[in-house]
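Structure first, then comments.
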Amino acid sequence: SSSRMADGEEASREVETAAPGGAVPMERMETGRRRPISSKSALDTEQKPDMRVAREFLLEQLPRRIPEDATAHGYRRNRPGELVDPVTGERAELYPLFDGELYSDLDTFGLGITLYFRQLIVVFATVIVASIILFASISHNASACRHPETGKNQKNSGLVKGSAAGCFPDDLKIGPNIVPDILVCVVILLTTLGANFVERKIEERIDESQQTPPDYSLEISNPPDYIDDPDRYRDFFANFFGDHSDAAKEDVVSVTISKDNGAFMSLLGERRALQRDLEDFLAEEIRGDAPRFDDATLHSFFKFLQPFTYEYGIFKTKGYAEARLEEVEMQLSELIAGS
């Protein structure tokens, strides 16, 4: 006790003898007293690093899994610092790397991490497939695009060997050059188109393997239009699911009202975008600039593509913008009248 008191007195003297008029940075000690923060860094300490302690700390931070019957996999990822199963008292086990479950184990790490690493796998597989397809083109260029007899065009060597660098037009052939390029484009296109579908399936599987708020939520799809107070709905459903006055029953924690106006908001956004486009077309006419695409000269095939490409800024014409704006305003009028 005397040593603690001496330490406390020493700390008090340090505070009292600090430079007058200047605030001394303080930190709270475990005993509740305060002492100045030391200006020494961790590297100035005389304590030597202990590799054993560092290794134990690393092992404690590694992700582990704990049995959980309520999940689809039968286990869940441990929380930070959770090294023991709170139910059985057994130590949480590390995720195994070579037991064939590594791919499915990603589901327990949450949506963001799972999608990120699965997208890396898809990108890596796409690159491998594209490389295999382009091997025929690389092999052809490496042999056909070098002309030592002419003394010219020796660019196809070193790091660019197998590319089209230094090739004459006669060196490039349909079979070994054009066909592989088309196949690679097809592979990339199919991967891109299928990515959204696969992503949705993965999201559904991850959601089913974890407990999230939607698992404890109910959606009422046909509420009366004249009631827009969430508290009234809560009082009503509390009669069926219990309320806070009865701890033995389930509670209605919260009620949220969502407006089913997604189509209406999308049409409003499209309407505003079309109006801006028409303003831009008018400004071009005032300046005397020629339009990039004209309704009179645009090919019928490109007019067929306009509904799919217009929002991306491709094949934009004044006539299509005016016609589409009229359709959007008509749809908005119908939605307003129906509400």
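The values are calculated or read from the model by the stated rules, or taken from the named source; none is laboratory data. These numbers were taken from a predicted model, which means no experiment stands behind them. Every residue, glycine among them, receives a Cβ derived from its backbone with ideal geometry; neighbour counts consider all protein chains shown. Note: areas computed on protein heavy atoms with side chains; ligands, DNA, RNA excluded. Shrake-Rupley method; radii C 1.70, N 1.55, O 1.52, S 1.80 Å.
In the stretch 317-332, the residues that are over 25 Å from ALA290 (Cβ atoms) form Cβ pairs under 8 Å with partners that are open to solvent by 50 Å² or more (accessible area, probe 1.4 Å) and acidic (Asp, Glu), at six or more places apart or across chains, as follows: VAL328/GLU270. In the stretch 136-162, the qualifying residues are those that are in a loop (DSSP other than H, G, I, E, B) and among the small types (Gly, Ala, Ser), and the one that is modelled with the lowest pLDDT is GLY151.
The single residue among ILE128, ILE113, ILE133, ILE66 that is surrounded by 12 or more Cβ atoms within 10 Å (Cβ to Cβ) and within 30 Å of ILE178 (Cβ to Cβ) turns out to be ILE133. Selection within the stretch 222-245: residues that are in a loop (DSSP other than H, G, I, E, B) and open to solvent by less than 100 Å² (accessible area, probe 1.4 Å). The member of this set that is modelled with the highest pLDDT is ASP229. Mind telling me which of the residues GLU204, GLU208, GLU250, GLU219 ends up being at pLDDT below 80 and surrounded by fewer than 12 Cβ atoms within 10 Å (Cβ to Cβ)? Answer to the check: GLU204. Going by the structure shown, is GLU322 under 30 Å from SER333 (Cα atoms), more than 34 Å from the chain's Cα centre (by Cα) and open to solvent by 100 Å² or more (accessible area, probe 1.4 Å)? Answer is no for this residue. The set of residues in the stretch 80-114 that are assigned to a helix (DSSP H, G or I) and either touching a Ser or Thr at 6+ places or on another chain (Cβ under 7 Å) or in contact (Cβ under 8 Å) with a residue 24 or more places away in the chain (or both) comprises SER104, ASP105, LEU106, ASP107, THR108, PHE109, LEU111, THR114. Within the stretch 266-283, does at least one residue satisfy the condition of being assigned to a helix (DSSP H, G or I), over 35 Å from the mean Cα position of the chain (by Cα) and of a type in the set (Gly, Ala, Ser)? Yes, the stretch 266-283 contains at least one residue that is assigned to a helix (DSSP H, G or I), over 35 Å from the mean Cα position of the chain (by Cα) and of a type in the set (Gly, Ala, Ser). Here the stretch 174-196 is the region considered, the condition is being β-branched (Val, Ile, Thr) and within 32 Å of the chain's Cα centre (by Cα), and the residue that is least open to solvent (accessible area, probe 1.4 Å) is VAL184.
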